[in-house]
1. Is it the case that ALA119 is closer than 25 Å to GLN217 by Cβ, in contact with an Asp or Glu (Cβ under 8 Å, 6 or more places away or on another chain) and among the aliphatic types (A, V, I, L, M)?
2. In the list LEU128, LEU108, which residue meets the criterion of being of a type in the set (A, V, I, L, M, F, W, C) and free of Cβ contacts under 8 Å to residues at least 60 places away in the same chain?
3. So which residues in the range 113-127 are of a type in the set (A, V, I, L, M) and more than 17 Å from VAL69 (Cα to Cα)?
4. Would you mention how many residues in the range 41-99 are acidic (Asp, Glu), touching a residue at least 40 places away in the same chain (Cβ under 8 Å) and touching a strand residue (DSSP E or B) at 6+ places or on another chain (Cβ under 7 Å)?
5. How many residues does the range 176-208 contain that are in a helix (DSSP H, G or I) and free of Cβ contacts under 8 Å to residues at least 12 places away in the same chain?
6. Look through SER48, SER53, SER38 and report the one residue that is among the small types (Gly, Ala, Ser) and surrounded by 23 or more Cβ atoms within 10 Å (Cβ to Cβ).
7. Mind listing just one residue for me: the one in the range 135-180 that is of a type in the set (D, E, K, R) and over 17 Å from HIS122 (Cβ atoms) and, of those, nearest to the chain's Cα centre (by Cα)?
8. Would you point out which residue out of GLU24, GLU43 is out of contact with any His (no Cβ under 9 Å at 6 or more places or on another chain) and under 27 Å from ALA168 (Cβ atoms)?
Amino acid sequence: MSPLQVVFALYPQVTQLDFTGPFEVLKRVPGATLTLASRIGGELRADSGITFSGLVRLAEVDTPDVICVPGGYGVTAALRDVEYIAQVRRLGRAARYVTSVCSGSLILAAAGLLEGKRAACHWAWRALLAEQGVAVDEGRVVHDGNVITGGGVTAGIDFALSLTAELAGLETAQEIQLALEYDPRPSLDAGSPERAPTAVRARVQARARQAYPERRQALLDARLRAAAHSLE
């Protein structure tokens, strides 16, 4: 394979599994170079409290083959970060593949990268993504042209295997899946809103709804800035 440049566009309070799952898959793709980057580089603290170091600045990243934007509790603040959104827009417009995991698709929408596209999102935030005119797809991994998006958190592994199959072929993806022994057989059956008990779903949804108004406003503001930028 020819060299493959993958950049994860991170921000404070990101959900680490949103990108460490895909990272573990994609680092095994022959010829792949993976970069963790943020607006300021250096260290970054995930929403779980884990700290990652050695990040580069997004402004220092040249044109990647793949940009991946993960989700997390920090999405609202990231939507308000004008420079961060601008860097995502710059890299996304130049990349071969524009991708996200979980609520990272809200950031892609804010950057104007989902115009006319279908996309996945964490189930609790699908309505907010739809409000931005995106055709929301409930699939775990959604392909639409060069845009590939994953659903909530753990869907990042499925997304990365799907991307690997497209980049390096089905057998390579299968080899990576086997090497990772990715063979999920959950002991519980509450991993989707359709199958979770009603009371469980209601409590999880209520927690998300507390952050809904603030995140909606941040997304609207970011979209307005993106629209203004496109007119310049």
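1. yes
2. Result of the check over LEU128, LEU108: LEU108.
3. Passing the criteria: ALA124, ALA127.
4. Total meeting the criteria: 1.
5. Count: 9.
6. Among SER48, SER53, SER38, only SER38 is among the small types (Gly, Ala, Ser) and surrounded by 23 or more Cβ atoms within 10 Å (Cβ to Cβ).
7. Only one residue tops the list, namely ASP144.
8. Result of the check over GLU24, GLU43: GLU24.
No value in this document is a laboratory result; all are computed from the given coordinates. Since the model is a prediction, treat every value here as computed from it, not as a measurement. Here Cβ is always computed from backbone atoms with ideal geometry, including for glycine, and neighbour counts include all displayed protein chains.
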